[in-house]
Amino acid sequence: MLFLHIISACLWVGGMLFLVFVVSPFVRKLSIRDQLFQEVGRRFSLFGTLGALSMLAITGLFNVHYLLGLSNLADFSSSYTKTLLHKIAVFVLVVFVSLAHDVYFGPRAINSSFYRSMARVLGLLNLLLSLLIVYLAVKLRFGG
Ligand code: HEM
C-alpha cells in the first residue's frame, strides 16, 4: 500500500512539476495556447485529480490503518498523530483547490484573462500545498 501511495504521489506531484516547468513555458508561446491548456488540463484532471488524489486518499487511509490504527487518529498527545492530522488537513485543502481549479476556473479560462490568472494561481498554490504534504510525509517517516 505504501508503494502504491508513493507511486500516486509521484504521479500527482511529478505531473504538476512537469506542467509548471516543462509544458506551460512552451505552450504559453503558442497561438493555440488556450485550446492546448484546456486539453492538457482535462487529461491531468482525469489522471491527477481524479486518479492520483483518490488513490492517495484510499492508500493513505490503509497506511494509517497498518502503521497506527485508525482509532489512534484522535490521540492528540502524539506528535506523529498531530503531523498526520496536519497532513490530512492540507490534503483536504488540496482537494478543494483542485476542484475549484478543474471544475470552475480552468474550463472558463478560454479567452478570459481573469479566469486564466485564477487557474494559474490556484495551480501554483496546489503545487506548493502538495510539496508541503511531501515535507509532512518525510517528517512522519522520522517519527512526526
Ligand atoms: C497529495 C497527497 C499526498 C502525498 C503527496 C503524500 C505523500 C506521501 C509520501 C511521499 C510518503 C512516503 C514518506 C516516507 O516514507 O518517507 C507518504 C507516507 C504516508 N502517507 Fe501520504 N501523501 C498524501 C496523502 C495522504 C493522506 C490523505 C493520508 C491519510 C489519510 C496519508 C497518510 C500517509 C501515511 C500514514 C504515511 C506513512 C508515514 C510513515 O512513514 O510513518 N497520505 N505519503
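Details
- In this calculation the C-beta distance from Arg33 to Lys82 is compared with R0 = 41 Å, giving a FRET efficiency of 0.40.
- Taking other C-beta atoms within 10 Å as the exposure proxy, His5, His65 rank His65, His5 from fewest upward.
- Longest site-free stretch - the chain; sites: chymotrypsin sites (Phe, Trp or Tyr not before Pro), DSSP loop, at most 12 other Cβ within 10 Å: 1-75
- Calculated FRET efficiency, Val103 to Tyr66, Cβ-Cβ distance, R0 = 30 Å: about 0.35 to the nearest 0.05.
- Using the Karplus relation 6.51 cos²θ - 1.76 cosθ + 1.60 with θ = phi - 60°, the per-residue 3J(HN,Hα) values for region 5-14 come to 4, 6, 4, 5, 5, 4, 4, 5, 6, x Hz, with x marking Gly and Pro.
- Region 1-47: C-alpha gyration tensor shape, a/c 1.5 cut-off, then a/b vs b/c: oblate
- Note that the chain, at 4 °C in a medium of 1.567 mPa s, gets a Stokes-Einstein diffusion coefficient of 80 µm²/s from its Kirkwood radius over C-alpha pairs.
- Phi to ³J(HN,Hα) by Karplus 6.51 cos²θ - 1.76 cosθ + 1.60 over region 62-67, Hz, x for Gly, Pro: 5, 4, 4, 4, 6, 8
- Summary of the geometry: region 88-106 and region 1-59, compared by the centres of their Cα atoms, lie 13 Å apart.
- The loop-placed trypsin sites (Lys or Arg not before Pro) in region 1-77, going by DSSP, that have at most 12 neighbouring Cβ atoms within 10 Å of their Cβ come out as Arg28, Lys29.
- Only helical runs count toward this figure. For the chain, summing -39,500 (n - 2.57) over DSSP H runs of n ≥ 4 and dividing by all residues gives -20500 deg cm²/dmol at 222 nm.
- Neighbour counts of C-beta atoms inside 10 Å place Ser78, Ser31 in the sequence Ser31, Ser78, starting with the fewest.
- Between helix 113-141 and the chain there is an angle of about 20 degrees, using the helix long axis and the longest principal axis of the Cα atoms.
- Among Ser98, Leu140, Val121 the positive-end extreme of the charge dipole of region 75-144 (Cβ point charges): Val121
- Relative contact order (%) - the chain, alpha-carbon pairs under 8 angstrom, separation at least six: 30
- Charges were assigned to the Cβ only: +1 to each Lys and Arg, -1 to each Asp and Glu. The resulting dipole of region 2-141 about its Cα centre is roughly 340 debye.
- Whole-Hz Karplus values for region 76-88 come out as 6, 7, 8, 6, 4, 5, 4, 4, 4, 5, 4, 4, 5 Hz, taken residue by residue from phi with 6.51 cos²θ - 1.76 cosθ + 1.60 and θ = phi - 60°; glycine and proline positions read x.
No lab work stands behind these numbers, since they all come straight from the coordinates. All of these numbers come straight from a predicted model, not from anything done at the bench. Cβ atoms come from the backbone with ideal geometry, glycine included; neighbour counts cover every protein chain shown.
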